[in-house]
Structure formats: structure tokens, C-alpha cells
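Step one of this worksheet: look at the structure below.
Derivation of every value follows stated rules applied to the coordinates shown; laboratory data play no part. As the structure is a computational prediction, the values presented were derived from the model and not from experiment. So basically every Cβ, Gly included, is an ideal-geometry build from the backbone, and we count neighbours across all protein chains shown.
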Amino acid sequence: MKNYYCFISLGYLRIGMLLTVTLLFFSCSKDDGLKDDLINEKQVTVYIAGYTGGLNGPYKVKYWKNGELHELTDGTTKARATSIFIDKEDVYIAGSEVVEALGERAMYWKNGKKYALAGLDLGHSRASSIGVAKGKVYVAGVENARGIYWKDGTAHELPTTDDHLLSTNNVIYISDNQDVYIAGMFSNQTTQVVKYWKNDVEHIVTSPAAHAHGKVSSVFVNENDVYISGHYQTARGIGWAKYWINNVEHTLTDEVLAGRAHAIYAENNNVHVIGSGKGAALRYWKNGVEQPLEMKDSSYGTADAITVVNEDVYIAGTVDDIGGYWKNGKWHALEVGKAGEHTSITSMFIVED
């Protein structure tokens, strides 16, 4: 019997055709050598997904299984990976690819084979999150900034009771009971509302809030409680890192530059959140209290995935263009990027053997 632990998130935010990459400035050690840092787990299998390339592409879509590299694209296209999910022995990765004359198009890979996702119309689309429930493949995403999802390749609109339809990012979570949760922050270009759907039934989490931008980064379900992470943001980049437990809002950073919550995980009445604040500096909170991470050399990077297995805290991200992860605050590197290349780690999935 295997237990599965996953986190789904994104390392970038797209508004229209503008790509914004958040760089988090902090310190970290990488002088132990890559071979010593490769994952060597005996009780879990750790999958980490991402992509490498120049800031403007092209990119190589990749994932690592206990440190072993698997490449899904050859680096000649602008393809990105945003989410990874493991179902039995099958590896699913969601993302997008820029197609000549058509723009960005949503897709996913199953065991390395690419599947294109047709939208509701011919607009730009991106798959941001993936999961498998009862043998069906669910992908959450956006098309022309409108929140949609795909079920076994067929696009569906998320049913809504109001005029908040626009979204920059939607995320998915499959519960132990195989219920499908899709969450996002939706806008009518004036206000934002946080929502989630459980098996296509809409739930409103917040009242309308008037901010320039906003994003939901992850959703997690534990003992029927729904946990959502995200942020509000002004036009000047001032942000409020937030998380919600059902309909109760919690604030982690109050009106600070680059205040964000990138991912959330909950277990044993503990709430773990990874994010940024105070000028994009990396932050990890446990029950609202900041926790330490290994930081030594002056570096920059991102952290966009968090999960807890057997009380061990795993955080996946990038340091100084090196993809890797922290386990209980200690950094483990996966791969050194080539000169001029940037590594984006976007998702993590852990299987307990």
C-alpha cells in the first residue's frame, strides 16, 4: 500500500501576455557537491517537476524521480511544466507550449507522451494543475484569462453564480475519497473573489475585494477542511500573503513588497505555508510563525511547493539557478543550470513506499 502526498503550484504569474517571474533573494549553501545532495530516500519516492532555459525561452520540460533526471522536451520550444501528479506508476505533468501562429496552448504529458488540450474556443490557454480521480484525468487551467478545466481532454466551464469569471491561475486537489477540488481567485476586472468547486459545486470563500491583482496558488484538503493559499496585490507590487481555512481568512504579510503565499499543506492541526515577503525574501511559516531554512551563500531563487511526510517538511524550489529541495530546512540540489539558463521548479509529488 502506498500513500501519496502532493503539492501543485506555479512558479510564474501570467496576466494577459505578460510573464512575471518572482525572484526571491536569500542565501543558501551549495558547496557540498551535487552527488552528495541528490535525493537518497529509502521510505519515499520524491518527484519534482520544472523546466530550464533562458528567461524568454526556449525551455526544456523536466522532472526528477529521486534525483534521476527525465526530460520531456528537447529545448527547442517554449514549453513549461506547471504541475505533477502520480497515479499508481503513471507520471502526469501539466503545462503549456507556445505554438507558432497560435500562441500558448494547454497540454499534459503522461509517461512522456504529450497530449494537447483543446479549449472552448481558439484562445490562448494554459494548464496549471493536474490530478487523476476514478480513472479520469482532470486538468485545471485558463483560456483567454477565463477559468476552465478539462476532464479526459474535454474542456468545461466552471459553473458560477456571479460575474467573477477571469482568473490567472486555477489549482486542483484530489482528496482521499477521489473528490475533485478546483480553486482560484476570480475577477470581474473590478473586484476579486476566492472560490473553490467540489465535484463541480461552487463554494464562495470570500466577499469581493478591490485590489489590482490577486492569485490563488494552491488548494489542500484535510479532514474535510479546505485550505487555500494566495495573495492580493497592488499595482506597485505591494502584497498581502494570505491563506484561508474554509471561509476564515489568515494574513501572513500585511502590505509588504512582494508579499505572497505560494503553497500550503496541513496535517495534525499544523498549517505549513511557503511564500515571500519584505522585498521578495523567502518565507516559510508553520502555524503563522516563520521557520528557518538553510541559507549561507548570497543567492536568489524561488520556492513553490511544500508537503509534509512522516513529519518531514519538504519544500521544492530553485537556488542560484539550481533546482532542488529542502528537507527539514536542509538544502539538496538536483541540477546545475548552464550559463544563461534559469531553472524553475514548479511542483512536487511524494509517494510513500
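How high is the relative contact order of the stretch 244-353, in percent, with contacts defined as C-alpha pairs under 8 Å that are six or more residues apart?
Here the relative contact order equals 17 percent.
Can you show me the helix-derived [θ] at 222 nm for the chain, built from DSSP H runs with n ≥ 4 at -39,500 (n - 2.57) apiece and divided by the number of residues, rounded to the nearest 500.
Helices in the chain give a 222 nm mean residue ellipticity of 0 deg cm²/dmol.
To the nearest 20 Debye, how big is the dipole of the chain about its Cα centre, given +1 on the beta carbon of each Lys and Arg and -1 on that of each Asp and Glu?
In total the dipole reaches around 500 debye.
Give, as ranges by residue number, the residues of the stretch 254-288 whose backbone N falls under 16 Å from the point 7 Å along Cα→Cβ of I238.
Taking a point 7 Å out along Cα→Cβ of I238, the residues of the stretch 254-288 whose backbone N falls under 16 Å are 254-260, 277-280.
Contour minus end-to-end for N247 and V98, with contour as 0.36 nm per residue of separation and end-to-end as the Cα-Cα distance?
Taking N247 through V98 to full extension adds about 49.9 nm, to one decimal.
Assign one of three labels to the chain, namely rounded, prolate or oblate, based on the Cα gyration tensor with a ≥ b ≥ c the square roots of its eigenvalues; rounded applies when a/c is under 1.5, prolate when it is not and a/b is larger than b/c, and oblate otherwise.
rounded
Once you place label points 7 Å from the Cα toward the Cβ at N224 and N199, how far apart are they in nm?
1.4
State which entries of K60/K215; K134/K327; K65/K151; K62/K114; K198/K278 exceed 24 angstrom in Cα-Cα distance in the structure shown.
Beyond 24 Å: K60/K215; K134/K327; K65/K151; K198/K278.
List the residues, sorted by chain then number, that are 5 or more residues from G323 or on another chain and whose placed amide H is less than 5 Å from its amide H.
L334, E335, G337
Before anything else, pin down the relative contact order of the stretch 111-254: Cα pairs under 8 Å, at least 6 apart, normalised by residue count, whole percent.
Contact order relative to length: 14 percent.
Could you point to the residue in Q192, N222, V171 farthest towards the positive end of the stretch 169-275's charge dipole, with +1 and -1 charges on the Cβ of Lys/Arg and Asp/Glu respectively?
Of Q192, N222, V171, it is Q192.
Return P(r) of the stretch 206-353 (all Cα-Cα pairs; 10 Å bins starting at 0; whole %; ordered from short to long distances).
11, 41, 35, 12, 1
Percent of Cα-Cα pairs more than 18 Å apart in the stretch 172-219, please.
Cα-Cα pairs in the stretch 172-219 separated by more than 18 Å: 32 percent.
Using Cβ contacts closer than 10 Å as the measure, can you line up H156, H231, H211 from fewest to most?
Sorted ascending by nearby Cβ count, the order is H156, H211, H231.
Find which of A303, G141, G57 sits farthest along the positive direction of the dipole of the chain, computed with +1 on the beta-carbon of Lys and Arg, -1 on that of Asp and Glu, about the Cα centre.
G57
Please state, as a whole number in µm²/s, the translational diffusion coefficient that the Stokes-Einstein equation yields for the stretch 220-266 at 37 °C and 0.692 mPa s, with Rh defined as the Kirkwood radius across alpha carbon pairs.
It comes out at roughly 301 µm²/s.
Please report the spacing between the Cα centers of the stretch 138-177 and the stretch 311-353 in Å, no decimals.
The distance from the Cα centre of the stretch 138-177 to that of the stretch 311-353 comes to 28 Å.
To the nearest 20 Debye, how big is the dipole of the stretch 100-250 about its Cα centre, given +1 on the beta carbon of each Lys and Arg and -1 on that of each Asp and Glu?
Dipole size: approximately 480 debye.
Plugging the Kirkwood radius over Cα pairs into Stokes-Einstein for the stretch 76-143, at a temperature of 20 °C and a viscosity of 1.002 mPa s, what D comes out in µm²/s?
In µm²/s, the coefficient is 178.
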